[in-house]
Amino acid sequence: MSTHTQVSSRSRPVWPALVLMAAALLTTACASAARQGRRSAEAGDWATAVQYYQRALLDDPDRPEYRIALERALINASRAHITAGRAFEAQQELSAALREFRSAAEYDPSNSEVVARAATL
């Protein structure tokens, strides 16, 4: 008589497969967020690009290209709000201009022009 016990494939641990699946899903989600960020940036929708790049960076903080893309999107979003703020200011719509300059400052708090414009309104 043989004393060998057979291990069925059902009794093998499944955690290695689950870890691999989770890693694949995370990589896919991260790449998808970065891809959506790039598409939004190409369309000039900088606010949406910022959101997607933030998500991609949260999912994979070790990717320098995500950090660079996020910084570029933040600067461009700020510039878009500055442009809108200037247009409102030229039309004497000062409350709308102030809102735009404050939004610009949220995207790029180091921009001294935004701070100065908001202070003069």
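Each label point is 7 Å from the Cα along the Cα-to-Cβ direction; what then is the distance between the points at ARG86 and SER32, in nm?
3.9 nm
Kindly rank 33-43, 97-107 from highest to lowest mean number of other beta carbons found within 10 Å of each residue.
97-107, 33-43
Rounded to the nearest 20 debye, what is the charge dipole size of segment 17-120 about its Cα centre when +1 sits on each Lys and Arg Cβ and -1 on each Asp and Glu Cβ?
Result for segment 17-120 is approximately 120 debye, rounded to the nearest 20.
Where a number appears in this text, it was derived from the coordinates with a stated rule and is not lab data. For clarity, every value in this text was computed on a predicted model and none was experimentally measured. Here the Cβ is made from the backbone with ideal geometry for all residues, glycine too, and neighbour counts use every protein chain on show.
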